[in-house]
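Notes follow once the structure below has been shown.
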Amino acid sequence: MKPTDQLVTLRGLLATPSGNEDDPWQRVILRRATGVPDLELSPQDDFRARLQGVAPRIVSLAGVGVYEVVRPAKGRLAGKIALLTGAAGAIGAGICRGLLENGCHVAATDVSEENLRSLVEELRDLGPILGVRLDVTDPQSVAGGFAEVVRCWGGVDIVVVNAGIAIGAALTETDLEAFRRLERVNVEGTLNTLAEAGRLLRQQQTGGDIVLVSTKNVFSPGAGFGAYSATKAASHQLARIASLEFAPFGVRVNMVAPDAVFGEGTRRSGLWAEVGPARMRARGLDEKGLEEYYRNRNLLKMRVTARHVANAVLFFVTRQTPTTGATIPVDGGLPDSTPR
């Protein structure tokens, strides 16, 4: 076994029954330690047999390191570890905040180290947060990002697939290389993340949750937005397939479909930074007017925020219902984009 696989296997075996059918396991955090181990393991050991009737406080894994076994008890997501891609954007920051406020350990990943550093600094007082540089288009980078989280805390329980980019252009004016750039991030990035998450969660054997941040454009695409709509539809379909393939080992895969999330605090949406100016010019509006336009077009006349998206993610990862393969719209009510 690889060193990270050893940690993931150990963490899964250290989980204890919760008595809750909806969420059967109480997880532990494996945190690097310097104390004297009360259990020493080697890769050749049968971990399950060695742990029979034992509740170690400090474990030594030969060739891996010494880890303290921590059993957090505060928060709805106590003991759970989340990895979030595209974390440094507006929606990503809102989801990180929501997870931390519910007791989760959060690994915020993004391709930009500078943006990650500022995000971690902004949220560090809310709970344990780790910034990990990760390029979703590179399978080795994705595997390395997951491995870094495992080395830090022992495993992963929640994966939020949020990385995505956009361009605005009519089909007759869409540059093929620009389309391919979206395809690499929005489609291949989703596939790479789902594949690594599925492998790790199956190894851990305590189930888990994956949530894809999709878009209303999957159900109601817009003219001049074809590259984004098509690639996000492919991403959405991959998540639906993952809900079929991962269910046998207790992993639920669901989607949230937001619309018109312009920012979170001081963080502006990268998507709207890309397509907003053209939308403003087309409608003769400024940025404030554009936000009002989108607010007034939904049934509830609501401004949709990153916190609203985070609440939808939390609905799934706190396992309020026995649900997988489903989509929650977070758009204020748009009849033409209601999932069918």
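Worth pointing out:
- Applying the condition of being within 12 Å of Gly86 (Cα to Cα) and in contact with a strand residue (DSSP E or B) (Cβ under 8 Å, 6 or more places away or on another chain) to region 118-148 and asking which residue is surrounded by the fewest Cβ atoms within 10 Å (Cβ to Cβ) yields Arg133.
- If the condition is being within 16 Å of Ala88 (Cα to Cα) and part of a loop (DSSP other than H, G, I, E, B), then region 129-157 contributes Leu134, Asp135, Val136.
- For region 29-44, a residue qualifies if it is among the hydroxyl-bearing types (Ser, Thr, Tyr) and over 16 Å from Arg151 (Cα atoms), and exactly one does: Ser42.
- Tabulated pairs, region 242-259, first farther than 15 Å from Val160 by Cβ, second acidic (Asp, Glu) and at pLDDT below 95, C-beta under 9 angstrom, 6+ apart or interchain: Asp259/Asp331
- If you go through region 278-328 and keep only what is farther than 30 Å from Asp22 by Cβ and either in a loop (DSSP other than H, G, I, E, B) or modelled with pLDDT of 95 or more (or both), you end up with Gly284, Leu285, Asp286, Asn298, Leu299, Lys301, Arg303.
- Among the candidates Gly198, Gly189, residue that is surrounded by 23 or more Cβ atoms within 10 Å (Cβ to Cβ) and small (Gly, Ala, Ser): Gly189
- Residues of region 106-117 that are surrounded by fewer than 23 Cβ atoms within 10 Å (Cβ to Cβ) and either of a type outside the set (D, E, K, R) or touching a residue at least 60 places away in the same chain (Cβ under 8 Å) (or both): Val111, Ser112, Asn115, Leu116.
- Filtering region 1-28 to residues that are among the hydroxyl-bearing types (Ser, Thr, Tyr), surrounded by fewer than 16 Cβ atoms within 10 Å (Cβ to Cβ) and over 13 Å from Gly207 (Cβ atoms) leaves only Thr16.
- Segments classed as strands (runs of 3 or more DSSP E), wholly inside region 15-126, with at least 2 members that are within 30 Å of Gln320 (Cβ to Cβ), in contact with a Gly (Cβ under 7 Å, 6 or more places away or on another chain) and outside the structural domain of Val213 (by TED's automatic domain parsing): 29-32
- Residue list for region 159-215, restricted to those being assigned to a helix (DSSP H, G or I), over 30 Å from Thr9 (Cβ atoms) and of a type outside the set (Val, Ile, Thr): Leu171, Glu173, Leu176, Glu177, Ala178, Phe179, Arg180, Arg181, Leu182, Glu183, Arg184, Asn186
- Looking across region 1-41, the residues that are touching a strand residue (DSSP E or B) at 6+ places or on another chain (Cβ under 8 Å), small (Gly, Ala, Ser) and in contact (Cβ under 8 Å) with a residue 12 or more places away in the chain come down to Ala15, Ala33, Gly35.
- Number of the condition not met by Arg151 [criteria: (1) surrounded by fewer than 17 Cβ atoms within 10 Å (Cβ to Cβ); (2) touching a His at 6+ places or on another chain (Cβ under 9 Å)]: (2)
- Condition check for Asp157: of a type in the set (Asp, Glu), at pLDDT 95 or above and surrounded by 24 or more Cβ atoms within 10 Å (Cβ to Cβ): yes
- Residues in region 72-96 that are out of contact with any helix residue (DSSP H, G or I) (no Cβ under 7 Å at 6 or more places or on another chain) and of a type outside the set (Gly, Ala, Ser): Pro72, Lys74, Arg76, Lys80.
- Residues of region 52-86 that are buried (at least 16 other Cβ atoms within 10 Å of the Cβ), touching a Pro at 6+ places or on another chain (Cβ under 7 Å) and modelled with pLDDT under 95: Val64 alone.
- Some residue of region 219-232 being closer than 25 Å to Arg319 by Cβ, among the small types (Gly, Ala, Ser) and buried (at least 20 other Cβ atoms within 10 Å of the Cβ): no
- Residue count for region 29-39 satisfying the condition of being surrounded by 14 or more Cβ atoms within 10 Å (Cβ to Cβ) and either touching a helix residue (DSSP H, G or I) at 6+ places or on another chain (Cβ under 9 Å) or among the basic types (Lys, Arg) (or both): 4.
The values are calculated or read from the model by the stated rules, or taken from the named source; none is laboratory data. Keep in mind the model is a prediction, meaning the values are calculated, not measured. Ideal geometry is used to build each Cβ from the backbone, glycine not excepted, and the neighbour counts take in all protein chains shown.
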